[in-house]
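Written below as structure tokens is the structure these notes are about.
Computed from the coordinates by the stated procedures, all read-outs in this text should not be read as laboratory data. Since the structure is predicted, the reported quantities are computational estimates derived from the model, not experimental observations. Because the Cβ atoms are built from the backbone with ideal geometry, glycine has one as well, and the counts that use them run over all protein chains shown.
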Amino acid sequence: MATDPTIRVRPVSIREVARESGVSLTTVSLILNKSDQRISEATRRRVLATIDRLGYRPNRLAQGLQNRRSHILAILVPGLKHAFADVYFGELISGIYDEASRLGYKILLEVATAGFVRQRKYIELFDQCFIDGLLFVGAHEQHRFLHDLAARQYPVLIVNNYFAQERLDYVVCDYAAAARLAARHLCGLGHRRIGMIRGAIEVQTAMDARNAFVETCRQLGTAISDDLVADGLYTEEGGGAAAEELLRREPRLTAIFAGNDKMAIGAIRRLHQLGRRVPDDVSVIGCDDIHQAAFVTPPLTTVRTPLYDLGKRSAQCMIDLIRRKVKQCHEILPVELVTRESTAPPPPR
């Protein structure tokens with residue numbers, strides 16, 4: 001007789017496994033949690049065979065709650081439009097997910113909307129044992145609520161940024177070193193009229209990059225005034241608008257450093273629209289080396305920041321913090337210059 005597909009089959013319980021195997025609940029639990037060193041091989045095989053025969057599926061969440069562990073990590077992103085579709089966030093999240101999955105953790109995605117923060121949902125995630133740790137991708141100085149979590153000593157890690165005045169854990173790329181590489185590259189090519197398209201001032205790594213770029217250019221004999229630094233909003237549209245503003249302020253500009261590749265790509269497009277050839281008239285260098293950087297016209301010279309690897313390392317550090325293998329995580333990953341076709345010596349005067 002056919003089985004009615006609308007009737008749900010009752011799941012097998014751990015008590016049934018113990019009864020059918022002729023062992024205690026504790027023995028079954030130890031075997032399931034791979035803490036069965038003192039249990040005989042014959043008993044272990046009998047229990048595993050019973051589990052297979054009955055089709056028992058352990059409730060990992062319930063087991064975790066009993067041990068105050070859910071084996072779930074939350075990834076929090078800012079309340080930006082289409083944040084999960086963004087290539088920058090995508091690389092970091094992919095790295096976190098892949099490494100967390102390899103280490104036996106699930107991922108919960110959350111957005112730091114105004115309501116999420118106002119209702120203190122970030123506290124609820126921990127207090128109700130939904131998550132073991134939280135990784136914030138895209139955090140900046142306005143996200144003060146993170147200090148509530150730090151004060152409660154919950155495992156929280158900032159991904160690819162840090163708070164200069166706080167002791168929050170972080171893994172970050174070396175954006176100051178990236179800016180120095182960009183400055184040396186452009187100055188080494190002979191550029192002396194250089195502009196910069198920066199990221200948001202509330203992002204510490206953006207300010208590190210700005211300060212390092214300006215200082216390195218100064219050391220190499222090129223002064224960059226505040227008029228030659230514009231905000232590109234981390235977007236292609238913002239990068240285009242910033243490039244046009246820089247040219248308005250200094251029509252003789254021969255090079256631009258953008259704080260990320262999206263702003264650099266936007267700058268190149270706007271320069272073309274304004275009749276400026278890249279790199280014949282204006283050289284452009286970006287930062288991050290996203291996948292699209294090699295496929296724009298011309299291919300973009302940039303500084304590679306290992307975003308995917310940084311995501312993986314962030315997951316490793318978070319799990320080490322949860323398991324108390326380390327007391328803190330303050331790591332800075334190295335970067336490297338990738339030279340393509342968007343930079344060249346300046347045109348003759």
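If the elastic network links every pair of Cα atoms under 10 Å, which of A241, A267, A49 fluctuates the most in the Gaussian network model of the chain?
Answer for the Gaussian network model of the chain: A49.
Using the count of nearby Cβ atoms within 10 Å as a rough guide to exposure, how do M207, M263, M318 rank from fewest to most?
On the way: M207 18, M263 32, M318 27.
Starting with the residue having the fewest Cβ neighbours, the order is M207, M318, M263.
Compute the distance from the alpha-carbon center of segment 101-163 to that of segment 84-99, in whole Å.
16 Å
Would you mind ranking Y175, Y162, Y308 so that the residue whose beta carbon has the fewest other beta carbons within 10 Å leads the list?
On the way: Y175 29, Y162 21, Y308 16.
In increasing order of surrounding Cβ atoms, one gets Y308, Y162, Y175.
In debye, nearest 20: dipole of segment 14-58 around its Cα centre with unit charges on the Cβ of K, R (+) and D, E (-)? Could the numbers behind the result be given before it?
Details: 9 positive and 5 negative charges, 6 e Å.
Charge dipole, segment 14-58, about its Cα centre: 20 debye, nearest 20.
Kindly state, to the nearest 0.05, the FRET efficiency for V326 paired with D280, given R0 = 41 Å and r defined as their beta-carbon distance. Let's see the in-between values first.
On the way: r = 51 Å, r/R0 = 1.24.
According to the calculation, E is roughly 0.20.
Quick one: angle between helix 261-273 and the longest Cα principal axis of the chain, in degrees between 0 and 90, rounded to 10, please.
Here the helix axis deviates by roughly 40 degrees.
Return the calculated 222 nm mean residue ellipticity for the chain, to the nearest 500 deg cm²/dmol, obtained by summing -39500 (n - 2.57) across DSSP H runs with n ≥ 4 and dividing by the residue count.
Dividing the helical sum by the residues of the chain leaves -12500 deg cm²/dmol.
Among the DSSP beta bridges whose two residues both lie in the chain, what percent are antiparallel, rounded to the nearest 5?
Details: 3 of 37 bridges.
Counting DSSP beta bridges with both partners in the chain, the antiparallel share is about 10 percent.
What angle do you read, to the nearest 10 degrees and between 0 and 90, between the alpha-carbon axis of helix 236-249 and the longest principal axis of the chain?
20 degrees
To make sure I understand, if each residue's beta carbon is the centre and we count other beta carbons within 10 Å, what order do S70, S225, S29, S21 fall in, fewest to most?
Details: S70 24, S225 10, S29 17, S21 20.
Fewest to most other Cβ atoms nearby, the residues stand as S225, S29, S21, S70.
Which aspartates and glutamates have a Cα less than 16 Å from the Cα of K106, not counting those fewer than 8 places away in the same chain?
D98, D132, D320
Rounding to the nearest 10 and keeping the result within 0 to 90°, find how far the Cα-based axis of helix 307-322 lies from the longest principal axis of the chain.
The helix 307-322 is inclined about 40 degrees to the chain.
Quote the relative contact order of the chain in percent (integer), defining contacts as alpha-carbon pairs under 8 Å separated by 6+ residues. The partial results should precede the final answer.
Numbers: 646 pairs, mean separation 57.0, N = 349.
With pairs under 8 Å counted, the relative contact order is 16 percent.
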